[in-house]
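Beneath this line is the structure, given in structure tokens, with notes to follow.
Bear in mind that the values in this text are calculations on the coordinates, not laboratory data. Nothing here was measured: the structure is a model prediction, and the numbers come from that model. Cβ coordinates were reconstructed from backbone atoms using ideal geometry, including for glycine residues, and neighbour counts include every protein chain displayed.
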Amino acid sequence: MKDIRLRARAKINLTLDVTGKREDGYHLIQSIMQTVSLYDGIYMKRIQKDEIILKSNLSWLPTDNRNLAYRAAELMKAKYGITEGVFIEIDKRIPVAAGLAGGSADCAAVLVGMNRLFDLGLSMKELESLAFLLGSDIPYCVQRGTVVSEGVGEILTPVKCQCPMCYVVLAKLPVSVSTATVYRGLDWQSVQDHPDTKGMIQAMAEADITKMGRLLGNVLETVTIPMHPQIAQLKEELVHLGAEGALMSGSGPTVFGLFKEEENAKKAASAIRKKFGLKEVVATKIYHSDSGKRGEQRNGRNKI
Ligand SMILES: C[C@](O)(CO)[C@H](O)COP(=O)(O)OP(=O)(O)OC[C@H]1O[C@@H](n2ccc(N)nc2=O)[C@H](O)[C@@H]1O
Ligand SMILES: Nc1ncnc2c1ncn2[C@@H]1O[C@H](COP(=O)(O)OP(=O)(O)OP(=O)(O)O)[C@@H](O)[C@H]1O
């Protein structure tokens, strides 16, 4: 039976602005999204019996249609009349409910995986449209890279210059933050401090990581930080430890810091782990696809 291995990578928001609100309550955003190397391993296999079997290394993660990866397989099966089944195994490494789009990345990987396992021949654009039916961050997780995300997350414009390579420390507080609650708590019209999206793109074009650090900005911090003031302390400490800048990712609670040197990022990660007593601290880096094409076969193994 055909099988496939994929890497579902996390994202950070280098900028996140809210520019309006739709009648259905969803917010219009402008955000520079960036893929990082940290990934969940996804293994998929076609099975004869018409069912979806999902397993993961986290005993408490749902394995039914509360899991976005399951929902991706369910949607593809229904839409394309697939009568065979699929086995999906998730090796979860991305912190959950963290603002890193871990569930969205798994979901996107399963969409890509189903397309290949069942030879559906769908284009990236078609996969992104399906992705948007399942969540706002998922089209981006299909596309990945350095991208300006607008609308409610469905209008994606790749940034021509790549984000310069730098090292990223992710530090997650042991609290859950609901994205819906954070957006509901935002009075977008009274936001004073809007991130400079254009300035950030210019800083990336100049490969000026110091300037990028200064321009990091996320309006959702105005909601999440008052709920969890330790986020501000984590940001301060990361800068104290040598980060060029630090910011909350998405709706939080993960904070990331950008570092020029890998060694400094590793040292900062271990200092943060100790000082704040955190378990979920990861030193990773900006992800640059080395094949340029998602799903390219390398060394006989499928990787994304
Ligand atoms: C915060 C970000 O992660 C930034 O990349 C995204 O905007 C959120 O993306 P997501 O987690 O995929 O969001 P969804 O699962 O689609 O929506 C969760 C909830 O967040 C709110 N929501 C989401 C996206 C958006 N543009 N405006 C919103 O107000 C809605 O109340 C929605 O019910
Ligand atoms: N495959 C999955 N991995 C992780 N969480 C999942 C998955 N499927 C569903 N969930 C549920 O989704 C919720 C949010 O988890 P996720 O890790 O995607 O959050 P997030 O990183 O904040 O996402 P975003 O940045 O898109 O808001 C959790 O409560 C979790 O139970």
For the stretch 119-124, Karplus couplings with θ = phi - 60° (6.51, -1.76, 1.60), whole Hz, Gly/Pro x: 6, 7, x, 7, 7, 4
Cα lying deepest toward the dipole's positive end in the chain, options Gly257, Ile42, Ala203, charges on Cβ: Ile42
Karplus-derived 3J(HN,Hα), 6.51/-1.76/1.60, for each residue of the stretch 126-143, Hz, glycine and proline x: 5, 5, 5, 5, 5, 4, 5, 5, 9, x, 5, 8, 6, x, 4, 5, 6, 6
Spin-label zone in the stretch 72-96 - amide nitrogen under 20 Å from a point set 7 Å from the Cα of Asp50 along the C-beta vector: 72-88
Global form of the stretch 133-199, assessed from the alpha-carbon gyration tensor, a/c cut-off 1.5: rounded
Order by protection proxy (mean Cβ within 10 Å, highest first), peptides 60-66, 241-247: 241-247, 60-66
Packing-based order for 34-43, 265-274, using average beta carbon neighbours within 10 Å, highest first: 34-43, 265-274
Cα centre as origin, Lys/Arg/Asp/Glu Cβ charges: the stretch 190-297 dipole, Debye: 300
Which of Gln143, His228, Ile32, positive extreme of dipole for the chain (C-beta unit charges): Gln143
Cα centre as origin, Lys/Arg/Asp/Glu Cβ charges: the chain dipole, Debye: 900
Between the stretch 98-153 and the stretch 248-266, the Cα center-to-center distance that results, in Å: 24
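Using a 10 Å cut-off on Cβ atoms, rank the peptides 188-199, 90-101, 226-237 from the highest mean neighbour count down. Walk me through the numbers before you get to the answer.
On the way: 188-199: 13.1, 90-101: 22.0, 226-237: 17.0.
Ranking, from highest mean packing down: 90-101, 226-237, 188-199.
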Exposure proxy ranking, count of Cβ atoms within 10 Å, fewest first, for Tyr26, Tyr183: Tyr26, Tyr183
Overall form of the stretch 178-267 per C-alpha gyration tensor (a/c, 1.5; a/b vs b/c): oblate
